[in-house]
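A.B. asks: First the structure, which I've put down as structure tokens, then a few questions once you've had a look.
The values are calculated or read from the model by the stated rules, or taken from the named source; none is laboratory data. The shown structure was predicted, so the numbers you read here are calculated from the model rather than taken from an experiment. Please note: Cβ atoms are built from the backbone with ideal geometry, for glycine as well, and neighbour counts cover all protein chains shown. Heavy atoms of the whole protein, side chains included, go into the accessibility calculation; ligands, DNA and RNA do not. Shrake-Rupley method; radii C 1.70, N 1.55, O 1.52, S 1.80 Å.
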Amino acid sequence: GHEDFRPRIVPYYRDPSKPYKKVLRTRYIQTELGFHERLFVAVLTSKATLNTLAVAVNKTVAHHFPRLLYFTGLRSAKVPHGMVLVAHGDERPIWLMYETVHYIHQHFGSDYDWFYIMQDDTYTQAEQVKALVTHLSINQDVYLGRAEEFIGGDEQTRYCHGGFGYLLSRSLLLKLHPHLDSCRNEILSVRPDEWLGRCIIDFLGIACVSQLQGQHYRTYELAKNTEPEKEEEEEFQAALAVHPVSDVTLMYRLHKHFSRIQLDRAYQEIQDLQMQIRNLTSLTPAGEAGLTWPVGINAPFLPKSRFEVISWDYFTEQHLFSCPDGSPKCELSGASKADVGEIIESAIEQLNSRYQPLLRFSKRQLLNGYRRFDPTRGMEYTLDLLLEAVTQKGHSHVLTKRVSLVRPLSKVEIIPMPYVTEATRVQLVLPLTVQDLDFVANFLDMFAMNTLDTHDNALLTLLFIYHPYDAQRVSQVDVFAGVKAMVGELEKRYAEVKIPWISVKTEVPSQVKLMDIVSKKHPVDTLFFLASVWTEINMDRCRMNTISNWQVFFPVHFQEFNPALVYRGEQTASSGTDFLRDGHFDRHSFAEACFYNSDYMTARTKLAADILDRDEVLESMEVFDVFLHYSALHLFRAVEPGLVQKYALRSCNPRLSEELYHRCVLSNLEGLASRSHLAMALFEQEQANST
């Protein structure tokens, strides 16, 4: 009980007689230190209640828990959407409990610290359960719930009533697992919760408790025909679990009632904190002048230069005057329309709560609306409202009122993401046209240095795009003969490396059509890295940001400016401090992409069903458009400092769609130089012309 946890330094020693072996370190410190997720929840259901009570549990509390599974003996033909179900194949209660505990240990015993088991006829306050486990020590064997006496048993030995849920610690689960088979064969019981309690008591000597480490597991037993809205008992209001819930409607009513209690409690806490802040502000050096609005929310961001000023977006009830596509005016729809409607409704509600019963306001029209996102506090709104004010005597008056509102940033939450393995092999795909021949040698040298020399788990496939005229003369003059010779030299230098190539004849090198050819020649679990000949390859972020059946990655590469305009004859800066200085992130280019072949094939199948046999549509699309319109995956689009491209004037194919051609031209123009460099070049040109 008095262990010393002070850290000690273990000196590193390597036996010189043994060959050096590289130590493989995990990418995440959480993995190396053996951290566990906090809470796993198991819901015991049945075939009869799966589509009723279990669905109600899923809709009310499931989204509050990080991981929740449903366990049943038999399952129906169709599983409700959004529920992870485990069927054991037998409806016997004891067998169901035995298989559930065994399954939890086998699949999640090493990943979680706490295991909460409940029934589908139980309403649980999820946030209170999560708060409870944060206050309990994980080093103890915990069996916590509503303690009940065994029939005819000792008063000191109690089991946890299954109807009110119970909490098991990871240490207890690990100790219990070797005895499950013995419990199944030796302990006879009708109730599964009694069977589990008897198993824990007999083999571990641990009885159920309702209070532990100063924390109480409060429950409430519902009577028949209970009206949750009329229950005023303190025991009911503070209950962590309520049982039995007889029907779906009662489950939803309980959820509404307890959500209202939590909301009122949160509002009261906010008011108390605001009052404390007001009282303490007068004691600060700034005095009451330092009090920000709203009280308790960070002050607005103060710009240090004109480039840091956050602009406001103007809107009306029908239109938005700052559109995502850059157009000056667009229709207000979707989430933006819902946002504006909610803000106006909230403004009217706040005005009425402040001035009633003397005045009652109703909206006539939104005259002007402004909003901006302040990263230090949230979304800010300024509304000019045309209102009709009605007095207590019924007199009405139309007036204009300006109101300011803030939708503050709430608590930051970590979104669970699937785990990404670091050893995934990357299949690099490089399309090449005749215009790219001057840059291939540099690309292959960088690939050899960054990938082959470091033994990175990556392969390269070249895609030779022949113009029909060049394809007819390939037996006499092969335009890609030089590239094939370079590939041969690489394969000689690295004996274990093979670099295959695919030849394609087309006048319009559509990115989607080319990817179709490559996709068919690789397994479905291939991770593709679609690159361009100007790219300096970095594989790590491609692996980390691409998740099969979840996320695709479209990096924004860094494009260096034209050195002739930037340096104008001076020596190019090469020091580390100048990295990523003379260039910009090219947001018009979608040439680089990381995605799994299975995800591409799924999206491509939906695209084929939509366009039927109109292959000409593919000429106006890129791989990004395929995932954007025909896939539900996350599209991760972010700047990537590790992808640096030297300056080169790209050839824009006029046979592609107007949008793709326009984007290519814009990329070339914006990649020339910065405004200051262009201005200096024009100034020097005018100076030269004047003399």
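A.B. asks: Would it be correct to say that PHE307 is closer than 30 Å to HIS588 by Cα, open to solvent by 80 Å² or more (accessible area, probe 1.4 Å) and at pLDDT below 90?
C.D. replies: Details: closer than 30 Å to HIS588 by Cα: yes; open to solvent by 80 Å² or more (accessible area, probe 1.4 Å): yes; at pLDDT below 90: yes.
Taking the combined requirement at face value, the residue satisfies it.
A.B. asks: Hey, does segment 632-640 have a residue that's small (Gly, Ala, Ser), more than 21 Å from VAL533 (Cα to Cα), in the same structural domain as TRP534 (by the TED database) and surrounded by fewer than 15 Cβ atoms within 10 Å (Cβ to Cβ)? Walk me through it before giving the result.
C.D. replies: Filtering segment 632-640 down to residues small (Gly, Ala, Ser) leaves 632, 638.
Okay, now just the ones that are also more than 21 Å from VAL533 (Cα to Cα), so 632.
Filter once more, keeping what is in the same structural domain as TRP534 (by the TED database): 632.
Then drop every residue that is not surrounded by fewer than 15 Cβ atoms within 10 Å (Cβ to Cβ), which leaves 632.
Checked against the condition, which is being small (Gly, Ala, Ser), more than 21 Å from VAL533 (Cα to Cα), in the same structural domain as TRP534 (by the TED database) and surrounded by fewer than 15 Cβ atoms within 10 Å (Cβ to Cβ), segment 632-640 yields at least one hit.
A.B. asks: Residues CYS664, CYS652: which one is on the phi < 0 side of the Ramachandran plot, open to solvent by less than 40 Å² (accessible area, probe 1.4 Å) and in a helix (DSSP H, G or I)?
C.D. replies: Selected residue: CYS664, the only one of CYS664, CYS652 that is on the phi < 0 side of the Ramachandran plot, open to solvent by less than 40 Å² (accessible area, probe 1.4 Å) and in a helix (DSSP H, G or I).
A.B. asks: Moving on to the next point. Pairs needed: first member in segment 666-691, within 13 Å of ASP586 (Cα to Cα); second member anywhere, among the charged types (D, E, K, R) and at pLDDT 85 or above; C-beta distance under 7 Å; at least 6 residues apart or different chains.
C.D. replies: SER667/ASP586; GLY671/ASP586
A.B. asks: Is it true that PHE258 is in contact (Cβ under 8 Å) with a residue 24 or more places away in the chain and surrounded by fewer than 19 Cβ atoms within 10 Å (Cβ to Cβ)?
C.D. replies: Details: in contact (Cβ under 8 Å) with a residue 24 or more places away in the chain: yes; surrounded by fewer than 19 Cβ atoms within 10 Å (Cβ to Cβ): no.
Judged against the criteria, PHE258 is not a match.
A.B. asks: Name the strands (runs of 3 or more DSSP E) wholly within segment 449-566 that hold at least 1 residues that are among the β-branched types (Val, Ile, Thr) and crowded, with 20+ Cβ neighbours inside 10 Å? Outline the logic, then answer.
C.D. replies: Details: elements: 458-466, 501-505, 527-530, 551-560.
Correct list: 458-466, 551-560.
A.B. asks: Where in segment 342-432 are the strands (runs of 3 or more DSSP E), entirely inside, with at least 1 residues that are surrounded by fewer than 16 Cβ atoms within 10 Å (Cβ to Cβ) and of a type in the set (S, T, N, Q)? Show your work before the answer.
C.D. replies: Values: elements: 359-374, 378-391, 396-408, 426-432.
Fully inside segment 342-432 and qualifying: 359-374, 378-391, 396-408.
A.B. asks: Now for a separate question. What single numbered condition from (1) within 24 Å of PRO93 (Cβ to Cβ); (2) touching a Ser or Thr at 6+ places or on another chain (Cβ under 8 Å) fails to hold for GLN140?
C.D. replies: Every listed condition holds for GLN140 apart from (1).
Yes or no, residue by residue, for (1) more than 26 Å from the chain's Cα centre (by Cα); (2) modelled with pLDDT of 75 or more; (3) surrounded by 22 or more Cβ atoms within 10 Å (Cβ to Cβ):
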{"position": "LYS18", "(1), (2), (3)": "yes, yes, no"}
{"position": "ARG27", "(1), (2), (3)": "no, no, no"}
{"position": "THR31", "(1), (2), (3)": "no, no, no"}
{"position": "ASN51", "(1), (2), (3)": "yes, yes, no"}
{"position": "VAL55", "(1), (2), (3)": "no, yes, no"}
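A.B. asks: Tell me, which residue of segment 272-304 that is surrounded by 14 or more Cβ atoms within 10 Å (Cβ to Cβ) and among the aliphatic types (A, V, I, L, M) is nearest to the chain's Cα centre (by Cα)?
C.D. replies: ILE297
A.B. asks: Name the single residue, out of those in segment 567-587 being assigned to a loop (DSSP other than H, G, I, E, B) and buried (at least 16 other Cβ atoms within 10 Å of the Cβ), that is modelled with the lowest pLDDT.
C.D. replies: Within segment 567-587, the first condition is being assigned to a loop (DSSP other than H, G, I, E, B), and the residues that meet it are 567-575, 579-582, 586-587.
Now restrict to residues that are buried (at least 16 other Cβ atoms within 10 Å of the Cβ): 582, 586.
Numbers: ASP582: 81, ASP586: 88.
Checking each candidate, the answer is ASP582.
A.B. asks: While we're here: Return yes or no: is LEU74 in a loop (DSSP other than H, G, I, E, B), assigned by the TED database to the domain that holds MET118, hydrophobic (A, V, I, L, M, F, W, C) and at pLDDT 90 or above?
C.D. replies: Working: in a loop (DSSP other than H, G, I, E, B): yes; assigned by the TED database to the domain that holds MET118: yes; hydrophobic (A, V, I, L, M, F, W, C): yes; at pLDDT 90 or above: no.
So LEU74 does not fit the description; no.
A.B. asks: Would you check which residues across segment 533-560 are touching a helix residue (DSSP H, G or I) at 6+ places or on another chain (Cβ under 8 Å), within 26 Å of ALA441 (Cβ to Cβ) and at pLDDT below 90 and list them?
C.D. replies: VAL533, TRP534, THR535, GLU536, ILE537, ASN538, MET539, GLN559
A.B. asks: When you scan segment 623-635, do you find a residue that is at pLDDT 90 or above, in a strand (DSSP E or B) and out of contact with any Cys (no Cβ under 6 Å at 6 or more places or on another chain), even just one?
C.D. replies: Looking for residues that are at pLDDT 90 or above, in a strand (DSSP E or B) and out of contact with any Cys (no Cβ under 6 Å at 6 or more places or on another chain), one finds at least one in segment 623-635, hence yes.
A.B. asks: For segment 60-92, how many residues are among the aliphatic types (A, V, I, L, M), open to solvent by 70 Å² or more (accessible area, probe 1.4 Å) and over 23 Å from HIS36 (Cα atoms)?
C.D. replies: Initially, segment 60-92 is screened for residues among the aliphatic types (A, V, I, L, M), giving 61-62, 68-69, 74, 77, 79, 83-87.
If we keep only those that are open to solvent by 70 Å² or more (accessible area, probe 1.4 Å) as well, we get 74, 77, 84.
Within this subset, residues satisfying the condition of being over 23 Å from HIS36 (Cα atoms) are 74, 77.
Count: 2.
A.B. asks: Of everything in segment 196-221 that's of a type outside the set (Ser, Thr, Tyr) and assigned to a loop (DSSP other than H, G, I, E, B), which residue is most open to solvent (accessible area, probe 1.4 Å)? Spell out the reasoning first.
C.D. replies: Just the residues of segment 196-221 that are of a type outside the set (Ser, Thr, Tyr), to begin with: 196-209, 211-216, 218, 221.
Among the residues that remain, those that are also assigned to a loop (DSSP other than H, G, I, E, B) are: 205-208, 213-214, 218.
Values: GLY205: 64, ILE206: 33, ALA207: 28, CYS208: 7, GLN213: 71, GLY214: 58, ARG218: 118 Å².
Filtering first and then ranking leaves ARG218.
A.B. asks: Any residue in segment 631-653 that is farther than 26 Å from LEU437 by Cβ sitting within a Cβ distance under 7 Å of a residue that is among the hydrophobic types (A, V, I, L, M, F, W, C) and open to solvent by 70 Å² or more (accessible area, probe 1.4 Å)? List the pairs, counting only those 6 or more apart or interchain.
C.D. replies: Cβ pairs passing all conditions: LEU633/TRP550; HIS634/TRP550; LEU635/LEU628.
A.B. asks: Taking the criterion of being of a type in the set (Phe, Trp, Tyr) and in contact with a helix residue (DSSP H, G or I) (Cβ under 8 Å, 6 or more places away or on another chain), would at least one residue in segment 346-358 satisfy it?
C.D. replies: No, segment 346-358 contains no residue that is of a type in the set (Phe, Trp, Tyr) and in contact with a helix residue (DSSP H, G or I) (Cβ under 8 Å, 6 or more places away or on another chain).
A.B. asks: Every residue in segment 57-69 that is touching a Leu at 6+ places or on another chain (Cβ under 9 Å) and either without any contact (Cβ under 8 Å) to a residue 40 or more places away in the chain or assigned to a helix (DSSP H, G or I) (or both), please.
C.D. replies: VAL57, ASN58, THR60, ALA62, LEU69
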